[in-house]
Amino acid sequence: MNRIVSIIPPGNYISLGMERDRRYELVQPLISAGRIQTFQDIFYFVPKTVIARDLGMNNSRFTELIKNVNKFVLKDIFRLAELFQIDDRELFRLIYEQYLRDKKNKKKKIKGE
């Protein structure tokens with residue numbers, strides 16, 4: 001009986017002949033120009049559905065992570081930085097800015113209730 005053996009290490013992904021979305025190339029220049037200042041700003045230029053697909057992640061799960069960036073795991077952040085072709089620390093900065101903004105907005109919401 002033949003067995004199928006995976007040659008791809010767990011947690012890695014491969015492209016099945018699909019080209020990399022060209023909109024990823026916009027991220028680095030837009031960060032440098034100050035047009036992208038938080039993690040969520042990226043989705044004005046690259047659709048979250050494209051990113052979720054390329055990460056091999058369910059779209060609703062990815063949307064949940066976008067809304068609660070503190071739930072991201074490091075391996076996903078490193079994979080995102082690779083997709084965007086930016087330094088890991090730059091992506092951490094964007095996520096941290098998003099975290100601070102979300103935290104501030106949640107406090108305002110609580111006080112306003």
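The values are calculated or read from the model by the stated rules, or taken from the named source; none is laboratory data. Only a predicted model underlies this, so the values are computations on that prediction, with no experimental measurement involved. Cβ: placed from backbone, ideal geometry, glycine included. Neighbour counts: every protein chain shown.
Brief remarks on what is shown
- Flag for V69 being of a type in the set (A, V, I, L, M, F, W, C) and surrounded by 15 or more Cβ atoms within 10 Å (Cβ to Cβ): yes
- Inclusion of D102 among residues that are more than 19 Å from I36 (Cα to Cα) and either surrounded by 15 or more Cβ atoms within 10 Å (Cβ to Cβ) or in contact with a strand residue (DSSP E or B) (Cβ under 8 Å, 6 or more places away or on another chain) (or both) is not warranted.
Here's the yes/no breakdown for (1) in contact with a helix residue (DSSP H, G or I) (Cβ under 8 Å, 6 or more places away or on another chain); (2) on the phi > 0 side of the Ramachandran plot; (3) free of Cβ contacts under 8 Å to residues at least 40 places away in the same chain:
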residue: F39; (1), (2), (3): yes, no, no
residue: A52; (1), (2), (3): yes, no, yes
residue: M57; (1), (2), (3): yes, no, yes
residue: I86; (1), (2), (3): yes, no, no
residue: E90; (1), (2), (3): yes, no, no
residue: Y96; (1), (2), (3): no, no, yes
residue: K103; (1), (2), (3): no, no, yes
residue: K106; (1), (2), (3): no, no, yes
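- Condition check for R20 on (1) assigned to a loop (DSSP other than H, G, I, E, B); (2) at pLDDT 95 or above: one failure, at (2).
Rundown of residues vs (1) at pLDDT below 95; (2) closer than 16 Å to K48 by Cα; (3) surrounded by fewer than 17 Cβ atoms within 10 Å (Cβ to Cβ), yes/no style:
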{"site": "I86", "(1), (2), (3)": "no, no, no"}
{"site": "R89", "(1), (2), (3)": "no, no, yes"}
{"site": "R93", "(1), (2), (3)": "no, no, yes"}
{"site": "Y96", "(1), (2), (3)": "no, no, yes"}
{"site": "K106", "(1), (2), (3)": "yes, no, yes"}
{"site": "I110", "(1), (2), (3)": "yes, no, yes"}
